[in-house]
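Here the structure is laid out as structure tokens; the discussion comes afterwards.
The values are calculated or read from the model by the stated rules, or taken from the named source; none is laboratory data. Computed from a predicted structure; not experimentally measured. Glycine also receives a Cβ, built like all others from the backbone with ideal geometry; neighbour counts cover every protein chain displayed. Protein only, heavy atoms only, side chains kept; ligands, DNA and RNA dropped before computing areas. Shrake-Rupley method; radii C 1.70, N 1.55, O 1.52, S 1.80 Å.
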Amino acid sequence: PLYLRCLSRTYSAVLTESESTRRDLSRYGFPLRRIHLFRIGTHLAPVNKLTTKKDINNVLILGSIRPMKRTLHGIKAFETARDQNPELHLTIAGDASGMYAEKVKRYITRSRHASAITILGRVSAKQRLNLMREAAVIVVTSVKEGWGLIVTEANTQGTPGLAYDVDGLRDSIRAKETGLLAPSGNSAVLGTQIFTLLNDPGHYATLREAAWQSSKQYTFANSYQDFAQIITSSTGLSL
């Protein structure tokens, strides 16, 4: 905090990717008028058109299994959802090394829905893309994110996100428009949202379409355009 307060007096303009981070910086002394937002970019091109999901019961958790990601919360949310729909199944992909990952694996072996949960560990870029494309929803339960890029990436593949209402994720998901947000730490509410959304084809189609359309703006070209415009207006320099 002290270092940030010193920096806050140094720069006439600060650029960041999300409103959540903008507010964080403001709390540490950066004047809001100096903090500018630019759109993040993703290398994943949105699919050309949305096609019907082959498996509407496919739930995905994607990312390293570690405490900050609260993977256990995602699993518990899935359990709540599957209590109401026994056709659901969960795929978890990402680095599965470390003590927390071992804790997660032990939990799964004791889960009442263990037979419906698959841990893949690390996957290739191609596998990762296919998982996002094939999933009905992606579930994200992080403590905090800068933006929530994994949600935007999944959106490009026609997969909406359900997440905790925390910094970064409330930026990458427009609640009730491009995805759903649950109170942070409340896996039961998140699980109910998973079940309710996948059990409502009309609502699912609306969220999915909006998420896909929204993802189209997050390109590196647009990110550069935003960045250059802010620098130009703040310094008078042209890029």
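Simple point charges give the picture: +1 on the Cβ of Lys and Arg, -1 on the Cβ of Asp and Glu, and for the chain a dipole about the Cα centre of about 480 debye. A rounded overall shape is assigned to segment 69-199, the ratio a/c of its alpha-carbon gyration tensor axes (a ≥ b ≥ c) being less than 1.5.
Global size of the chain: 19.1, 62 Å for Rg and Dmax (C-alpha atoms, Rg to one decimal, Dmax whole).
Based on DSSP, what percent of beta bridges with both residues in segment 81-201 are antiparallel, to the nearest 5? Just about 0 percent of them are antiparallel. GNM remark for the chain: springs join alpha carbons under 10 Å apart, and the peak mean-square fluctuation among 139, 123, 104 falls on 123.
When the Cα gyration tensor is reduced to axis lengths a ≥ b ≥ c, the ratio a/c is 1.5 or higher for segment 148-196, and with a/b not above b/c it is classed as oblate.
If you restrict to DSSP beta bridges whose two residues both lie in the chain, what percentage is antiparallel, to the nearest 5? Restricted to the chain, the bridges split so that about 0 percent are antiparallel. GNM on the chain, alpha-carbon springs under 10 angstrom: the most fluctuating residue among 87, 153, 209 is 87.
On a per residue basis, segment 184-239 carries 54 Å² of accessible surface, using protein heavy atoms and a 1.4 Å probe.
Dividing the summed helix terms, -39500 (n - 2.57) for each DSSP H run of n ≥ 4, by the number of residues in the chain produces a 222 nm estimate of -13500 deg cm²/dmol to the nearest 500. Taking 142, 111, 214 in turn, the Gaussian network model of the chain (Cα-Cα springs below 10 Å) assigns the largest fluctuation to 111. Per residue, the accessible area of segment 35-120 comes to 51 Å², computed with a 1.4 Å probe over protein heavy atoms only.
About its Cα centre, segment 83-202 has a charge dipole of approximately 400 debye under the convention of +1 per Lys or Arg Cβ and -1 per Asp or Glu Cβ, with nothing else charged. Once C-alpha pairs closer than 8 Å and six or more residues apart are averaged by separation and normalised to the residue number of the chain, the relative contact order reads 24 percent.
The accessible surface of segment 11-68, taken with every protein chain in place and a 1.4 Å probe, is 50 percent carbon and sulfur.
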